[in-house]
Amino acid sequence: MKGEQQEERIPNFIGNAVIILTAAHLGCEVEMLATAQEVWRTKRLPEAVLLGMYEKAACDAVSAVRKRGLAEQADRLGEIFYRTGEFPPPEEDNT
């Protein structure tokens with residue numbers, strides 16, 4: 001049962017990786033960037049001891065994006081990154 005619960009949580013942690021990576025791409029200061037990069041690359045949960053900090057880092061990244069008025073741009077870029085695995089070239093970031 002515990003393994004099943006962790007498997008169900010993997011998509012959340014991939015989503016958190018996209019949030020952190022997108023915020024960093026937009027120039028926001030984020031925590032746990034290396035962990036987010038690893039989660040995105042491996043599609044695996046971070047180490048158990050990091051789970052709470054990782055989730056908090058994603059929430060903080062959302063707050064940082066909102067404070068800078070970049071929520072719409074972050075949503076669009078995050079969606080592109082999730083589908084393609086990369087951000088568009090800088091000249092396309094602001095469209």
Restricting region 27-48 to residues that are modelled with pLDDT of 95 or more and in a loop (DSSP other than H, G, I, E, B), which is nearest to residue 87 (Cα to Cα)?
27
Taking residue 51, is it modelled with pLDDT under 95, part of a helix (DSSP H, G or I), over 11 Å from the mean Cα position of the chain (by Cα) and closer than 14 Å to residue 16 by Cβ?
yes
I'd like to verify a number: residues in region 54-72 that are part of a helix (DSSP H, G or I) and under 15 Å from residue 29 (Cβ atoms), how many?
12
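The values are calculated or read from the model by the stated rules, or taken from the named source; none is laboratory data. Here the structure is a predicted model, which is why all the values come from computation and not from measurement. For neighbour counting, all protein chains shown are included, and Cβ atoms are generated from backbone atoms with ideal geometry for every residue, glycine included.
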